[in-house]
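The values are calculated or read from the model by the stated rules, or taken from the named source; none is laboratory data. The shown structure was predicted, so the numbers you read here are calculated from the model rather than taken from an experiment. Glycine gets a Cβ as well: all are built from the backbone with ideal geometry, and neighbour counts include every protein chain shown. Note: accessible area is taken over every heavy atom of the protein model, side chains too, but ligands, DNA and RNA are not part of it. Shrake-Rupley method; radii C 1.70, N 1.55, O 1.52, S 1.80 Å.
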Amino acid sequence: MSATIFVIVGAKGGVGSTALTHELAQALAKRRPITVVDADFSARRSIAVLFNAIKPLDAARVPEGNLSVAAAAPNITVLEMAPNIHASFTLKPPQVEAVLTSLNQSGSSIILDAPQPFAAAVRAFIVRATRFILLTEPSLLGATGARAMLAEMSKFGIPLSSVVLVTNQRDAKPELSRSDVERALGIPQLVDIPPKTDRRYSKAIDQLVDYMAGINPINPLELQPSAATPIGDRRFTNMTRRPTGEVGPDADDARVGSSINAEARDTMKASVHAELAKRIDIANAAGVVDQLRMEKLRTQVTDIVAELVGEGSDLGSAEDIARLRQEIIDEALGFGPLEDLLRDSDVTEIMVNSWRSIYAERRGRLELTNKHFNDDRQLRLVIERMIAPIGRRIDESTPMVDARLADGSRVNAIIEPLSLDGPALTIRRFGSDRLTGQALVNYGAIAPQMLDFLRACVEARLNIIISGGTGSGKTTFLNVLSSFLPEGERIVTIEDAAELMLNQRHVVRLEARPPNLEGRGEIRIRDLVRNTLRMRPDRIIVGECRGGEALDMLQAMNTGHDGSLTTVHANTPRDCVSRIETMVMMAGFDLPIKAIREQISGAVDMIVQTSRMRDGSRKIVSITEVVGMEGDVVTTQEIVRFDQRGLNKEGKVAGDFLYTSVQPNCLQRFEEYGVNFDVRALSELGARNVAW
């Protein structure tokens with residue numbers, strides 16, 4: 001278990017970062033254990049003073065030591081890294097790593113009051129931080145200091161997407177507006193803290209505390225970084241990322257990510273990896289699942305790397321050396337240059353086109369990162385490290401593979417000879433916290449009335465298909481709909497690579513299996529669907545229908561297994577029906593097209609269409625009911641649609657969810673099952689007459 005780490009960064013001295021750290025810790029301690037880390041080496045010991053912890057910290061410190069930990073208040077522990085600047089010089093990375101390991105095991109959340117500039121001693125906390133909160137003032141001086149601090153953070157390899165802005169408004173009339181500050185810095189503002197005399201002060205602190213506690217997460221579709229612009233007579237350098245695919249003259253320097261000479265860095269890496277191979281059998285040890293053994297291995301590797309990559313050499317600054325050490329550790333034990341991207345909660349997709357080209361999706365936008373592998377061999381090693389724990393393999397005979405990571409992220413890899421430019425890797429991330437229906441409402445992806453209608457459809461055991469293109473949010477919304485399944489029912493899930501996260505207790509999860517080296521032992525999704533019918537399921541959830549299993553799924557829906565859910569790749573509800581017809585034909589049975597369509601009209605009750613919009617956001621753009629057959633045609637009626645009106649000034653999709661004024665046929669089903677839903681709620685969306 002890893003601790004949640006928040007780093008409070010002051011844009012300049014006197015901006016109030018230490019006082020804010022103190023206030024946030026006190027508020028968060030009412031909800032969970034908190035450790036406050038004082039990384040200020042100026043001997044002011046402000047954190048110790050604010051928490052009245054000077055005596056306990058001094059008593060806990062050993063004579064030759066510097067790190068000291070003491071309880072300061074109920075649920076609050078203070079970690080003082082060094083009482084003065086002289087003690088900070090003796091801090092060693094293994095000491096800090098050991099303390100951080102202990103904090104991880106304790107389950108305590110961490111708030112770090114960061115020094116200015118960052119010291120190498122806090123590297124262990126910085127690289128594992130969940131979020132950086134940059135505190136500044138709404139003034140020219142504050143904006144200038146914040147820009148300088150962002151440059152300092154960039155040297156540590158911290159992406160802008162990990163930073164949120166908090167302004168501390170001490171004067172009743174701020175010098176700069178919120179939009180001015182955001183445009184100047186190119187990062188979103190989360191909270192504007194008014195003066196303490198303002199009645200909104202407590203509300204602002206509560207909002208920040210809720211965000212840190214995970215109650216009010218940032219809307220990734222609303223908080224878009226803005227391009228930096230000049231303010232007053234000051235001009236600020238644009239620190240936002242280049243548009244997708246754009247490579248400037250400094251691209252090679254960005255890839256290196258530090259001032260270390262690229263050749264010297266690669267030589268040092270090769271030397272250290274060779275020495276690690278002599279001392280530790282990393283190839284076998286890296287597959288260890290046991291947490292304690294893994295921590296011991298990480299400590300061994302960290303100590304060896306610290307010994308071999310010493311400070312004071314010609315490899316660059318302390319920050320450069322700290323970054324180099326972390327890169328070597330990630331390459332030895334983790335997924336190399338992908339580790340930082342996997343730690344970034346804003347990254348929803350990672351696309352490795354080749355060893356030298358890695359793209360990431362943040363807030364629905366693709367961007368070229370400054371990460372890269374050393375060569376094809378390292379990329380291939382990382383792919384094998386990802387798929388080995390679940391028994392998958394990739395080689396010339398099986399050059400494609402689907403797998404999953406420990407956090408549920410979906411992995412697809414393809415190698416030569418199918419991939420002409422070397423191995424290619426795609427990772428679809430779902431995050432550690434599953435999105436709820438209310439979160440989608442807050443993001444504007446669906447209206448609350450639509451969500452309530454679909455809740456009633458699930459409770460009334462309607463068969464629902466979620467249709468959409470790649471990356472449109474089908475699996476995410478399938479997870480949301482699954483949350484409406486009753487607790488007392490037996491649910492069986494079937495997937496190619498397990499990624500669904502259900503909260504119910506009575507769940508059986510099945511996963512398809514590829515063939516072995518001899519080409520035997522393959523278990524397809526349609527085999528699992530047929531087997532599921534013998535397992536007495538109340539609900540069947542198929543992660544995705546993409547072939548002949550569609551026929552088995554329709555038969556299950558038509559033979560008493562109502563309330564089933566699945567997803568299909570299609571652009572519109574009508575395309576979804578056609579796609580199901582095609583997949584049924586792939587089952588290998590020569591069925592008349594009319595018989596297939598009768599199966600579809602009898603089995604499928606509702607089609608929910610998801611779409612990825614031009615601004616990168618995802619929305620439910622249509623809820624369509626399958627009502628029967630007219631001749632040889634499956635008939636449908638659209639109940640709700642999203643009517644797009646273009647883009648607003650911020651470049652975001654503008655539009656409304658509209659009710660088509662069609663009376664759903666499923667209302668009678670709601671009455672039969674005693675499901676509470678008033679169709680008049682849909683009329684609150686606004687009406688639109690539809691010609692069919």
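Answer yes or no as to whether Val492 is under 25 Å from Gly444 (Cβ atoms), open to solvent by less than 10 Å² (accessible area, probe 1.4 Å) and not hydroxyl-bearing (Ser, Thr, Tyr). Walk me through how you get there before you give the answer.
Values: under 25 Å from Gly444 (Cβ atoms): no; open to solvent by less than 10 Å² (accessible area, probe 1.4 Å): yes; not hydroxyl-bearing (Ser, Thr, Tyr): yes.
It is false that Val492 is under 25 Å from Gly444 (Cβ atoms), open to solvent by less than 10 Å² (accessible area, probe 1.4 Å) and not hydroxyl-bearing (Ser, Thr, Tyr).
Scanning segment 642-652 for residues that are open to solvent by 70 Å² or more (accessible area, probe 1.4 Å) and not aliphatic (A, V, I, L, M), we see that the one that is nearest to Gly444 (Cα to Cα) is Gln644.
Is one or more of the residues making up segment 412-424 in contact (Cβ under 8 Å) with a residue 40 or more places away in the chain and under 20 Å from the mean Cα position of the chain (by Cα)? It would help to see each step written out before you state the result.
To start, the set of residues in segment 412-424 that are in contact (Cβ under 8 Å) with a residue 40 or more places away in the chain comprises 421-424.
When the remaining residues are screened for being under 20 Å from the mean Cα position of the chain (by Cα), the result is none.
Looking through segment 412-424, none of the residues is in contact (Cβ under 8 Å) with a residue 40 or more places away in the chain and under 20 Å from the mean Cα position of the chain (by Cα).
The rows are residues; the columns are (1) under 23 Å from Leu451 (Cβ atoms); (2) touching a Phe, Trp or Tyr at 6+ places or on another chain (Cβ under 6 Å); (3) open to solvent by 30 Å² or more (accessible area, probe 1.4 Å).
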residue: Gly488; (1), (2), (3): yes, no, yes
residue: Leu500; (1), (2), (3): yes, no, no
residue: Arg505; (1), (2), (3): no, no, yes
residue: Leu510; (1), (2), (3): no, no, yes
residue: Pro515; (1), (2), (3): no, no, yes
residue: Glu522; (1), (2), (3): no, no, yes
residue: Arg526; (1), (2), (3): no, no, no
residue: Gly543; (1), (2), (3): yes, no, no
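Inside segment 584-613, residues that are assigned to a helix (DSSP H, G or I) and either at pLDDT below 90 or farther than 18 Å from Thr636 by Cβ (or both) make up a count of 2.
Within the bounds of segment 174-182, is there any residue that is under 25 Å from Ala25 (Cβ atoms) and open to solvent by less than 20 Å² (accessible area, probe 1.4 Å)? Looking for residues that are under 25 Å from Ala25 (Cβ atoms) and open to solvent by less than 20 Å² (accessible area, probe 1.4 Å), one finds none in segment 174-182, hence no.
Considering (1) touching a Lys or Arg at 6+ places or on another chain (Cβ under 6 Å); (2) buried (at least 19 other Cβ atoms within 10 Å of the Cβ); (3) in a strand (DSSP E or B), the lone condition that Gly655 does not fulfil carries the number (2). Within segment 655-679, residues that are within 14 Å of Ile623 (Cβ to Cβ) have Cβ atoms under 7 Å from residues that are surrounded by 14 or more Cβ atoms within 10 Å (Cβ to Cβ) and among the aromatic types (Phe, Trp, Tyr) in these pairs: Phe657/Phe642; Phe677/Phe453; Phe677/Phe670, counting only partners at least 6 apart in sequence or on another chain. The set of residues in segment 521-557 being over 15 Å from Val492 (Cβ atoms) and without any contact (Cβ under 8 Å) to a residue 24 or more places away in the chain consists of Gly521, Glu522.
Any chance segment 428-443 includes a residue that's without any contact (Cβ under 8 Å) to a residue 24 or more places away in the chain, open to solvent by 10 Å² or more (accessible area, probe 1.4 Å) and either under 21 Å from Val608 (Cα atoms) or within 17 Å of the chain's Cα centre (by Cα) (or both)?
First pass over segment 428-443, keeping only residues without any contact (Cβ under 8 Å) to a residue 24 or more places away in the chain: 438, 441.
Narrowing the set further to residues that are open to solvent by 10 Å² or more (accessible area, probe 1.4 Å) leaves 438, 441.
After this cut, where a residue has to be either under 21 Å from Val608 (Cα atoms) or within 17 Å of the chain's Cα centre (by Cα) (or both) as well, the list is 438, 441.
There is at least one residue in segment 428-443 that is without any contact (Cβ under 8 Å) to a residue 24 or more places away in the chain, open to solvent by 10 Å² or more (accessible area, probe 1.4 Å) and either under 21 Å from Val608 (Cα atoms) or within 17 Å of the chain's Cα centre (by Cα) (or both).
With respect to the conditions (1) aliphatic (A, V, I, L, M); (2) under 30 Å from Asp58 (Cα atoms); (3) modelled with pLDDT of 80 or more, Leu165 falls short on a single one, namely (2).
Every residue, every condition in (1) not β-branched (Val, Ile, Thr); (2) not in a loop (DSSP other than H, G, I, E, B), yes or no:
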position	(1), (2)
Val458	no, yes
Ser467	yes, yes
Ser472	yes, no
Thr493	no, yes
Ala498	yes, no
Asn503	yes, no
Val508	no, yes
Pro515	yes, no
Arg520	yes, no
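Specify which of the listed residues (Asp266, Asp252, Asp198) is surrounded by 13 or more Cβ atoms within 10 Å (Cβ to Cβ) and either in a loop (DSSP other than H, G, I, E, B) or at pLDDT below 50 (or both). Only one candidate qualifies: Asp198. Tell me yes or no: at least one residue of segment 585-596 is over 19 Å from Met629 (Cα atoms) and either within 29 Å of the chain's Cα centre (by Cα) or of a type in the set (Phe, Trp, Tyr) (or both). Yes, that holds for at least one residue.
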